Amino acid sequence: KVCDLKQGTGPEPVEDDIVKCNYEIKLVDSGKIVVNARNYLFQLGIGEVIRGWELLILGDASGELEAMQVGGVRRGVIPPSLAYGSGKRGCNGDDCAIPPNSALELTVELIGIKGTTQ
């Protein structure tokens, strides 16, 4: 499930681009915010972030979901298979920010593409 909260008007990124984003990740089960970050830089297509995040930005091969444009804000529910699966993240002992098999709600604002918009 994906929705555009704001349509961007800038260029669309492609695999291997380095993008800058503001983002928030919540656990779908509890609504708890586990990460909220600004000006995060990462390269698309190399596994630096979860695959569901890349698909939110790049769109999917079927064309059902179009790529984001710079300036856009998109929210999507990422199933465990496109997130961390049976893995867990942010653990301190048995207490983990993201438990195994968690669906995540990701809100991402695409701020820029290195070499194109900044």
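The values are calculated or read from the model by the stated rules, or taken from the named source; none is laboratory data. Keep in mind that this is a model prediction, so the values were computed, not measured. With ideal geometry, Cβ positions are generated from the backbone for all residues, glycine too; neighbour counts draw on all protein chains shown. Ligands, DNA and RNA are excluded from the accessible area calculation, which covers all protein heavy atoms including side chains. Shrake-Rupley method; radii C 1.70, N 1.55, O 1.52, S 1.80 Å.
What are the pairs, 6+ residues apart or on separate chains, where a residue within the range 76-105 that is closer than 13 Å to residue 30 by Cβ has its Cβ under 8 Å from a residue that is open to solvent by 60 Å² or more (accessible area, probe 1.4 Å) and of a type in the set (Ser, Thr, Tyr)?
98/84; 102/84
Tell me which residues, restricted to the range 60-114, are touching a helix residue (DSSP H, G or I) at 6+ places or on another chain (Cβ under 6 Å) and among the charged types (D, E, K, R).
74, the sole residue that qualifies.
Table: residues versus (1) at pLDDT 95 or above; (2) closer than 16 Å to residue 90 by Cβ; (3) out of contact with any strand residue (DSSP E or B) (no Cβ under 8 Å at 6 or more places or on another chain).
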residue	(1), (2), (3)
4	yes, no, no
8	yes, no, no
19	yes, no, no
40	yes, yes, no
47	no, no, yes
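Restricting attention to the range 34-44, which residues are more than 12 Å from the chain's Cα centre (by Cα) and loosely packed, with under 13 Cβ neighbours inside 10 Å?
Passing the criteria: 38, 39.
For the range 24-50, which residues satisfy the criterion of being assigned to a loop (DSSP other than H, G, I, E, B) and out of contact with any helix residue (DSSP H, G or I) (no Cβ under 8 Å at 6 or more places or on another chain)?
Within the range 24-50, 28, 29, 30, 31, 32, 46, 47, 48, 49 qualify.
Name the residues in the range 5-23 that are assigned to a loop (DSSP other than H, G, I, E, B), of a type outside the set (Asp, Glu) and buried (at least 18 other Cβ atoms within 10 Å of the Cβ), would you?
Restricting attention to the range 5-23, the residues satisfying the condition of being assigned to a loop (DSSP other than H, G, I, E, B) are 7-17.
With the extra rule that they be of a type outside the set (Asp, Glu), the set shrinks to 7-11, 13-14.
The answer is 8, 13.
Please state which of the following conditions residue 54 fails to meet, knowing it meets all the rest: (1) of a type outside the set (A, V, I, L, M, F, W, C); (2) open to solvent by 40 Å² or more (accessible area, probe 1.4 Å); (3) part of a helix (DSSP H, G or I).
(2)
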